[in-house]
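Reading through the structure tokens given below for one structure.
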Amino acid sequence: MSVDKATVAKIASLARINMSEDDLDTLVPEFNNILSFVEQLSEVDVTGVEPMTSVIPNQQRLREDAVNADPLTGGDIRDKVLANAPVAEHGFFGVPKVIE
């Protein structure tokens, strides 16, 4: 794939970047070099290579997703919270419709 001056100008206008003609001429070969490098990467054989997010193995430390039974800091107090609402509907806060 090759990029020309018109394509670089279009990208600059989409990004709302004001560029001079000299800047556009400078960026054309840079974009083409980047695209040729990406094409080289697509030629690499990656069969049998597992995707990874890091070069070292990591484990997420997860906690149990449970409702706290403490009435001050815990959950399961929906009725108490909704008692303060001006309008409650089906266990949720009632709000006015904003989309027509």
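Please treat every number below as a calculation from the coordinates, not as lab data. Please read these numbers as outputs of a predicted model, since none were measured by experiment. Positions of Cβ are generated from backbone atoms using ideal geometry, with glycine treated the same way; all protein chains shown enter the neighbour counts.
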- Query: With labels modelled as points extended 7 Å from the Cα through the Cβ direction, what inter-label distance (nm, one decimal) is found for Val98 paired with Ala9?
  - Reply: 4.2 nm
- Task: With runs of 4+ DSSP H residues as the only contributors, calculate the mean residue ellipticity of the chain at 222 nm using -39,500 (n - 2.57) per run, divided by the residue total and rounded to the nearest 500.
- Result: -11500 deg cm²/dmol
- Item | aspartates and glutamates with Cα under 16 Å of Lys80, excluding same-chain neighbours fewer than 8 positions away | Asp70, Glu89
- Which residues' amide hydrogens lie under 5 Å from the amide hydrogen of Ala88, considering only partners 5 or more residues apart or on another chain, with H built in the peptide plane? Gly94
- Message: On C-alpha positions alone, give me the angle between the axis of helix 5-14 and the longest principal axis of the chain, in degrees, nearest 10.
- Response: 20 degrees
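Relative contact order of the chain: what whole-number percent is it, with Cα pairs under 8 angstrom and at least 6 residues apart? The partial results should precede the final answer.
Values: 41 pairs, mean separation 14.7, N = 100.
Across the chain, relative contact order equals 15 percent.
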- Task: For helix 21-42, report the angle its Cα long axis makes with the longest principal axis of the Cα atoms of the chain; keep it between 0 and 90° and round to the nearest 10°.
- Result: 70 degrees
- Message: Students often forget the sequence filter, so: which aspartates and glutamates lie under 19 Å Cα-Cα from Lys5 once same-chain residues fewer than 8 apart are removed?
- Response: Glu21, Asp22, Asp23, Asp25, Glu30
- Measure off 7 Å from each Cα along the Cα-to-Cβ vector at Ala66 and Thr47, then give the distance between these two points in nanometres to one decimal. 4.9 nm
- Note on the structure: For the chain, the dipole about the Cα centre with charges only on Cβ (Lys and Arg +1, Asp and Glu -1), to the nearest 20 debye, works out at 560 debye
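How large is the Rg to Rh ratio of the chain when both quantities use alpha carbon positions and Rh follows Kirkwood?
1.32
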